[in-house]
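To keep things clear, I will list the structure first and then write my remarks on it.
The values are calculated or read from the model by the stated rules, or taken from the named source; none is laboratory data. Computed from a prediction, not measured in an experiment: that's the story for all the values here. Every residue, glycine as well, gets a Cβ built from its backbone with ideal geometry; the counts of neighbours run over all protein chains shown. For accessibility, only protein heavy atoms count, side chains too; no ligands or nucleic acids. Shrake-Rupley method; radii C 1.70, N 1.55, O 1.52, S 1.80 Å.
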Amino acid sequence: MGEVVVPIEDKSKHVLPLYLPPTPVPFQIITIKDTPGAAAGVSPPPQGVVNLSELESWLPLTESRNGSTFSAILHLLCSGIGFQVLFLPVAFASLGWAWGIICLSIAFMWQLYTTWLLVNLHEPVPGIRCSRFVRMSILAFGPKLGKLLAIFPVMYLSGGSCVMLIITAGSSMEQLFNIICEEGTMCGSMSLSGTQWFLIFTCIALIIAQLFPNLNSIARVSLTGAITSIGYCTMIWALSISKGRPNDVSYGIPVADRTGMTGFGNILNAIGIIMLAFRGHNLILEIQGTLPSDSKHPSRKSMWRGVMVSYMIIAMCLFPLAIVGFWAYGNKIPEEGILTAFTKFHGQDTSKYVIGLIYIWLTISCITSYQIYAMPAFDNLEFIYASSKKRRCPGWVRAGIRLFFGGVTFFVAVAFPFLGKLAPLIGGMAAVPLTFVYPCFMWISIRKPRAKGAMWSLNLGVGSIGIVLSLLLIVAAVWKLDDKGLNANFFRP
């Protein structure tokens, strides 16, 4: 005989929707037999109503829970290291040595702490797993406020990230083509337009997406993404050291750039660059959802081991890239980041095959990141179908859903190729709160620590600082757009 905690049946609610909070009904202890079968006293769901556990077994995020600590490490590395890290030296150019290192260290520890919160909130009640950020938000803040706070950030960090990956990889593929096919060569006259490069990347990404049905199955893709992400980060800072610094490199901040509203705006934008370099919090619960869990071996233990290993590697990529990048180029570094600076100052004395390899790794990293960032969107679209049809998505529907999503992201990338210029603004509204703020208030709401106790005070303080900082980053982004303008090249990538 065994015991399990189940909610007492509520006549008005028969099923817990995947993206709605658990029905607030009391719990009771009932006895069940060890042999397979329904629990005594628990009625099966009415005919035509899908059980939550059955529904979750149909969806890409929770279809397979056979992951391991190693697969979690791969997913965390693939989702945690992105092209945003290439802009870290730009932030140092506005902050200087001391404040640059201090801000980067604080941001790293801050997001590591909020990751710990999410990992430990994944199973708020034994036997109940929140494998989706939106569901966790609804559980913490209620149906209306939870959806209001979480849906836009999660959808932006899923669909919006895929759009940015198309734009970045399309540009990277074009640069690679220009490096290999120089002027005067036979292929030099066969250059493609930006839209065509976007289309090539999208087609490659969608072909790969059709081969892997769920999040757990893309571990090999994430392995490739982790290797290439670490590869291009390491190559850039190592080559920057070996090639030496250009002449007249300075580390001082001009007086005009550090005083008045200009200086204030530059500092806030630099802090924004650092905070937006840390990504992947919208996938923490989803990655943990691929791990097995029981009372003796809860998923939080294996997930936290994966987090510690992966974030040590992430730190070994981010800190050298930021510090070496600023050392090598100082205030000469362009707004486009360290890769542009390297090709500008060392492109002539570096083999084109070496530079081409960096762009190849960057492109592959974008392709693999597309798979993991698109998975929450695939999951949400399949949930709509499965909950309405009361059955698993057939293969042709799943393929159609992924083609539809790819088409939408491609269209948005072509229509708004300047989306990267809006990243600080949208990131301040979506990525920063989701990464640095929401987990703190989720802990207070779900775990209910003692008022004015250590955990209560810490999370309230950290979350409040995050809100203020998010608002300041939004103001700074708006000011920068107003000051420098925006080249809104609609449909002209």
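Structure summary
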item: Where a residue in the range 44-59 is closer than 17 Å to R398 by Cα and open to solvent by less than 50 Å² (accessible area, probe 1.4 Å) and its partner, wherever it lies, is at pLDDT 80 or above and among the β-branched types (V, I, T), with Cβ under 7 Å and at least six apart; result: E56/T62
item: Condition broken by S193, with the remaining ones in (1) open to solvent by 60 Å² or more (accessible area, probe 1.4 Å); (2) over 30 Å from F319 (Cβ atoms); (3) touching a residue at least 60 places away in the same chain (Cβ under 8 Å); (4) not hydrophobic (A, V, I, L, M, F, W, C) satisfied; result: (1)
item: Residues (at pLDDT below 95 and either closer than 30 Å to L95 by Cα or open to solvent by less than 10 Å² (accessible area, probe 1.4 Å) (or both)) located in the range 292-327; result: S299
item: Single residue of the range 66-83 satisfying the filter (open to solvent by 50 Å² or more (accessible area, probe 1.4 Å) and either without any contact (Cβ under 8 Å) to a residue 40 or more places away in the chain or not hydrophobic (A, V, I, L, M, F, W, C) (or both)) that is farthest from M303 (Cα to Cα); result: N66
item: Total residues in the range 84-109, condition within 17 Å of V462 (Cβ to Cβ) and surrounded by fewer than 19 Cβ atoms within 10 Å (Cβ to Cβ); result: 5
item: Any pair with Cβ under 8 angstrom, 6 or more apart, that starts in the range 445-474 at a residue that is over 27 Å from G265 (Cα atoms) and ends at one that is of a type in the set (D, E, K, R); result: M455/R447; W456/R450
item: Per-region count, the range 135-145, residues surrounded by 24 or more Cβ atoms within 10 Å (Cβ to Cβ) and of a type outside the set (S, T, N, Q); result: 3
item: Failed item, numbered, when T115 is tested on (1) over 17 Å from the mean Cα position of the chain (by Cα); (2) closer than 17 Å to G80 by Cα; (3) of a type outside the set (A, V, I, L, M); result: (1)
item: So A488, is it under 25 Å from the mean Cα position of the chain (by Cα) and touching a residue at least 12 places away in the same chain (Cβ under 8 Å); result: no
item: Answer from F87, F70, F83 - the residue that is aromatic (F, W, Y) and more than 18 Å from the chain's Cα centre (by Cα); result: F70
item: Residues of the range 328-340 satisfying the condition of being closer than 15 Å to N247 by Cα, small (G, A, S) and surrounded by fewer than 23 Cβ atoms within 10 Å (Cβ to Cβ); result: G330
item: Unique residue being in contact with a His (Cβ under 6 Å, 6 or more places away or on another chain), farther than 11 Å from A72 by Cβ and not acidic (D, E) when the list is L276, L285; result: L285
